[in-house]
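Single-structure report; data block below.
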């Protein structure tokens, strides 16, 4: 087996410097934190420069450096995971409930939905009523209306979208009265 051709230290440093844009790009994919990104790239260069004498001039320097960068990132993640303190379950305080306003849609009643369903076009209203209000399955609705099961799904989707529009408009018109 032939001995790898070693690059001169100056040539190797030049090759490594050419990899900076791709290393930053890969590091950005691994970490969104700008400071951590720069630290990762700097540590990659430091490690690569320490091992520069092992670099084969005919090898793939980009792949070599990206591998170093990736391994450093994994090491950092593992180190961070080990640093998290273990807290026994009985020492964890219970979460404090946040008191928030109820969303606007929580004021909508079943009667509101039925009233809005009356405004739907016949084919959507019939399909929606049979499924949602009468509790029939897609198959039962399809057989009763003489349509394919997929059409039942399409009509239900359109009915729900239209009901959402109607009820949202009704809530907006009511303002904060509900």
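Every number in this text was worked out from the coordinates using simple rules, so none of it is lab data. Everything numeric here is computed off the predicted structure, so don't read it as measured data. Positions of Cβ are backbone-derived with ideal geometry, glycine not excepted, and every protein chain shown enters the neighbour counts.
Observations on the structure shown:
- Contour excess over end-to-end distance, with Cα ends at residue 14 and residue 119 and 0.36 nm allotted per residue: 30.5 nm
- Neighbour counting of Cβ atoms within 10 Å sorts the residues 31, 106, fewest neighbours leading, into 106, 31.
- For segment 22-61 versus segment 141-164, the spacing of their alpha-carbon centroids is 56 Å.
- Estimated at 0.36 nm per residue, the fully extended path between residue 59 and residue 36 surpasses their Cα-Cα distance by 5.5 nm.
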